[in-house]
Amino acid sequence: MLNSKLSLQKTLLIASMIFGVIFGAGNLIFPIHLGQLAGSNWLSASSGFLVSSALLPLMAFLAISITKTSGVYELAKPIGAGYALLFLILVHATLGPFFATPRTATVPFSIGIAPNLPKSMHGIGLLIYSAIFFAIVFFLSIKEGKITNLIGKFLNPIFLLLLFGIFLLAFMKPLGSAQSAAATTAYQGNSFANGFLQGYNTMDGLGAITLGITIITSVRSLGIKREKDVSIAAAKSGAIGVLGIAMIYICLIWLGASSLHHFKLADNGGTTLAQIVHYYLGPAGNALLATLTTITCLTTAMGLIVAFAQDFHKHFPKISYKTFLAVNCLISFGFANLGLNNIINWSKPVLMLLYPLAISLIIMGILSPLFKNDPVVYRITTALTFIPATFDMINALPDVLRNTQLVQGMISFAQKSFPFFNLGFGWLCFAIGGFIIALCIHFTKRKFFYATIEE
């Protein structure tokens with residue numbers, strides 16, 4: 001007899017898997033860096049950060065549950081099959097071999113291994129470390145059905161114990177008062193907005209809409225078969241997993257803000273995290289930090305490449321699941337050796353384009369019962385979101401491209417034409433306006449249709 005719902009133990013197991021595959025490289029370094037940037041305004045900045053990095057992933061799970069879809073392709077399909085496939089490829093390329101997955105190797109190396117090596121050895125050190133890292137990821141991910149047990153039962157508890165130890169030491173002996181830490185200029189007046197944008201860097205929102213197929217597969221493997229029950233179980237587990245992530249974010253942001261009393265503002269959160277751990281644990285902290293970051297990044301890398309291989313094998317069945325796993329690992333290995341700073345700098349403009357499209361798609365998925373999943377609503381809203389989001393992307397380009405005459409002219413045009421562009425939200429008014437216009441068209445069309453039938 002099939003189960004109609006998950007037991008509490010199995011719900012927590014799926015929640016642990018969701019936690020493990022979402023929480024990884026950027027989830028350690030970006031919250032701490034945000035705390036340093038926001039200083040005394042860390043609470044308002046963390047509110048914005050939690051909306052885009054914790055609430056948005058939960059909304060993504062709800063959207064997948066409400067629409068009864070299995071991932072990003074089906075969620076975007078009402079816009080058109082071609083757009084859905086293109087969006088899936090762009091999201092998976094971002095989360096996969098070009099940005100997020102390579103970062104899962106460069107972050108633990110940069111903050112746990114590199115400090116123990118002379119600078120002349122950083123290149124060869126990263127090469128060796130990333131090769132071993134992705135070999136392990138590939139080996140553990142070959143059997144996709146085992147991902148729940150591997151992540152939920154073994155890797156997550158080890159990681160949580162290590163992270164809890166650091167938090168406990170920090171609470172017992174604080175570095176200083178976060179409330180009296182100096183905030184940078186950008187966070188003195190727009191801390192919520194900047195915290196929201198900083199949440200893009202974690203890529204949690206994009207990750208959540210791609211993990212749908214992995215979550216659904218895991219729920220079904222535990223005996224849940226009916227679509228309604230699968231959706232409810234996935235949403236419930238997602239809420240628990242995301243809540244755990246949000247609690248850790250708050251602790252990391254507070255830790256970053258309080259660290260300003262002992263350490264200067266660093267270029268990235270990895271440096272700050274290494275300094276904090278060394279402060280409390282001395283030389284032994286380096287080994288602890290290397291272990292902690294490697295474990296959490298291994299779990300994230302596994303989740304990302306499994307979701308990548310599952311989705312691409314589904315749409316390109318002539319290529320095997322294992323081949324997609326191997327290709328992803330090989331390309332990720334290559335991009336990882338470009339270094340952490342290059343990966344972060346070049347990912348920002350891509351995220352400024354993809355996130356507005358993903359946010360509008362998630363919200364429309366949640367509200368889809370209101371407009372009966374009408375493709376017209378999806379298409380109009382997406383089109384009007386895409387235009388200003390393209391200019392947000394251009395504005396976030398690295399300086400080598402942003403400072404060209406053509407790009408500066410486009411930025412000047414956008415500053416005059418799009419409300420909130422200077423805050424990074426040039427897309428917001430267009431998305432809301434497009435959605436309202438699309439709803440009016442939908443209900444007018446329905447009213448006309450029913451009036452015609454009555455006649």
Any residue at all in the range 393-400 that's buried (at least 22 other Cβ atoms within 10 Å of the Cβ), of a type in the set (A, V, I, L, M) and modelled with pLDDT of 95 or more? no
Which ones in the range 65-104 are modelled with pLDDT under 85 and among the β-branched types (Val, Ile, Thr)? Thr69
If a residue counts only when it is buried (at least 17 other Cβ atoms within 10 Å of the Cβ), in contact with a Pro (Cβ under 8 Å, 6 or more places away or on another chain) and hydrophobic (A, V, I, L, M, F, W, C), which helices (runs of 4 or more DSSP H) contained entirely in the range 248-356 have at least 2 such residues? 284-315, 321-336
Considering only residues that are among the small types (Gly, Ala, Ser) and at pLDDT below 90, look in the range 105-151 and name the one that is nearest to Ala307 (Cα to Cα). Ser141
Hey, Ile380 over 17 Å from Tyr200 (Cα atoms), at pLDDT below 95 and in a helix (DSSP H, G or I) or not: no
Among the residues of the range 407-420, are any touching a residue at least 60 places away in the same chain (Cβ under 8 Å) and either more than 24 Å from Gly48 (Cβ to Cβ) or more than 29 Å from the chain's Cα centre (by Cα) (or both)? no
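For (1) under 30 Å from Ala93 (Cα atoms); (2) not hydrophobic (A, V, I, L, M, F, W, C), each residue gets a yes or a no:
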site: Asn341; (1), (2): yes, yes
site: Ser360; (1), (2): yes, yes
site: Phe391; (1), (2): yes, no
site: Asp399; (1), (2): yes, yes
site: Met410; (1), (2): yes, no
site: Phe418; (1), (2): yes, no
site: Phe421; (1), (2): yes, no
site: Gly426; (1), (2): yes, yes
site: Ile436; (1), (2): no, no
Checking Leu243 against (1) under 14 Å from Ile32 (Cβ atoms); (2) surrounded by fewer than 17 Cβ atoms within 10 Å (Cβ to Cβ); (3) not β-branched (Val, Ile, Thr), only one condition comes out false. Which one? (1)
Out of curiosity, is Thr444 closer than 19 Å to Tyr83 by Cα, assigned to a helix (DSSP H, G or I) and outside the structural domain of Ser53 (by TED's automatic domain parsing)? no
Could we say that Leu86 is of a type outside the set (Ser, Thr, Tyr), buried (at least 24 other Cβ atoms within 10 Å of the Cβ) and farther than 28 Å from Gly223 by Cα here? no
Filtering the range 225-240 for residues that are surrounded by fewer than 24 Cβ atoms within 10 Å (Cβ to Cβ) and either part of a helix (DSSP H, G or I) or β-branched (Val, Ile, Thr) (or both) leaves a count of 10
Determine if the range 236-247 includes at least one residue that is more than 21 Å from Gly365 (Cα to Cα) and in contact with a His (Cβ under 7 Å, 6 or more places away or on another chain). no
I'm told Asn342 meets every condition in (1) more than 16 Å from Pro108 (Cα to Cα); (2) without any contact (Cβ under 8 Å) to a residue 60 or more places away in the chain except one. Can you identify the failing condition by its number? (1)
Can you tell me which of Ile295, Ile331 is more than 22 Å from Leu37 (Cβ to Cβ), of a type in the set (Val, Ile, Thr) and modelled with pLDDT of 90 or more? Ile331
The condition from (1) in the same structural domain as Pro97 (by TED's automatic domain parsing); (2) surrounded by fewer than 16 Cβ atoms within 10 Å (Cβ to Cβ); (3) not aromatic (Phe, Trp, Tyr) that Lys372 misses is numbered (1)
Show the residue pairs meeting these rules: Cβ distance below 7 Å; 6+ apart or different chains; first residue within the range 65-91 and under 14 Å from Asn373 (Cβ atoms); second residue assigned to a loop (DSSP other than H, G, I, E, B) and of a type outside the set (Lys, Arg). Leu75/Thr69; Pro78/Asn373
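The values are calculated or read from the model by the stated rules, or taken from the named source; none is laboratory data. Just so we're clear, the structure is a prediction, and the values are computed from it rather than from any experiment. With ideal geometry, Cβ positions are generated from the backbone for all residues, glycine too; neighbour counts draw on all protein chains shown.
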